[in-house]
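Q: Okay, handing you the structure first.
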Amino acid sequence: TTALYKNLGKGEEEVKILGVDIDSLLIDRAKENNTFKDDISFLALDLMSDSEQVMNSLRTFLDGLNKTRFDLICVFSVTMWIHLNHGDKGLRTFINLLCRQTRFLLLEPQPWKCYQTAARRMRKLGKPEFEKMKDLEIRGPGVEQGILEMCKEEGMVVEVEFGETQWNRKLLLLKHGGN
């Protein structure tokens, strides 16, 4: 987050960043290490909760900037976990929320082999498998395309394909087609 801020903050426009994670310990650690307190904020939020508090927290942040939506939302290594824990419907809800809250979306969808690795890891640890995995209709090699299709249904188009990360995952910048 800090590296992103340092690069984006070089221009003439003021840059404000909000980091969000479900893990409050990670958020506390990020707050402690934050040297740009006026420009970088962190919130522990479960974006998948039906809570009005989530939307109010996001709205309060945006209102403070006189904005109706974010300029950019970055989503790294998250789609699989949403999908495994909330199913196809939950993944669609998550993607819809993101697309409606931003002008640009930097997305790293996890391929199906990551799902298989996560399931294998749970088996090796003797833990129950992901309950929703067996019911997923968006699966296999088509999972990344399924996520991209959801974004397109929300009016997003691929602006840039940055290639693959060191974990062999695609990195895509999407934007609203009308912007």
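The values are calculated or read from the model by the stated rules, or taken from the named source; none is laboratory data. Please read these numbers as outputs of a predicted model, since none were measured by experiment. Neighbour counts run over all protein chains shown; Cβ positions are idealised from the backbone, glycine included. Areas reflect the complete protein model, heavy atoms only, side chains present, ligands, DNA and RNA absent. Shrake-Rupley method; radii C 1.70, N 1.55, O 1.52, S 1.80 Å.
Q: So what are segment 80-179's ellipsoid semi-axes, whole angstrom, largest first, if each one is the square root of 5 times an eigenvalue of the alpha-carbon gyration tensor?
A: 26, 15, 10
Q: Still on this model: Hey, if you put +1 on the Cβ of every Lys and Arg and -1 on every Asp and Glu Cβ in the chain, which of Leu171, Gly155, Gly64 ends up farthest toward the positive end of that dipole?
A: Farthest along the dipole direction, towards plus: Leu171.
Q: Note down the Stokes-Einstein diffusion coefficient of the chain in µm²/s, whole number, using a Kirkwood radius over alpha carbon pairs, 37 °C, and 0.692 mPa s.
A: Estimated via Stokes-Einstein, D reaches 187 µm²/s.
Q: At most 11 other Cβ atoms within 10 Å plus a DSSP loop assignment makes a site exposed; report the longest stretch of the chain without any exposed trypsin sites (Lys or Arg not before Pro).
A: 38-179
Q: Given Cα pairs under 8 Å that are at least 6 residues apart, what percent is the relative contact order of segment 1-141?
A: 19
Q: Enter the Cα centre distance for the pair segment 103-179 and segment 20-34, rounded to the nearest angstrom.
A: If you average the Cα positions of each part, the centres end up 24 Å apart.
Q: Which lysines have a Cα lying under 28 Å from the Cα of Lys113, excluding residues fewer than 8 positions away in the same chain?
A: Lys89, Lys124, Lys127, Lys132, Lys134, Lys152, Lys170, Lys175
Q: To continue, here is another question. Can you pull out the GluC sites (Glu not before Pro) in segment 81-146 whose DSSP state is coil and whose Cβ has at most 12 other Cβ atoms within 10 Å?
A: Those satisfying the criteria are Glu131, Glu137.
Q: Send over a whole-number figure in Å² for the accessible area per residue of segment 24-93, probe 1.4 Å.
A: 61
Q: Shifting gears a bit: Show that you can apply the helix-only estimate: for the chain, add -39,500 (n - 2.57) for every DSSP H stretch of four or more residues, divide by all residues, and state [θ] at 222 nm to the nearest 500.
A: Result for the chain, helices only: -13500 deg cm²/dmol.
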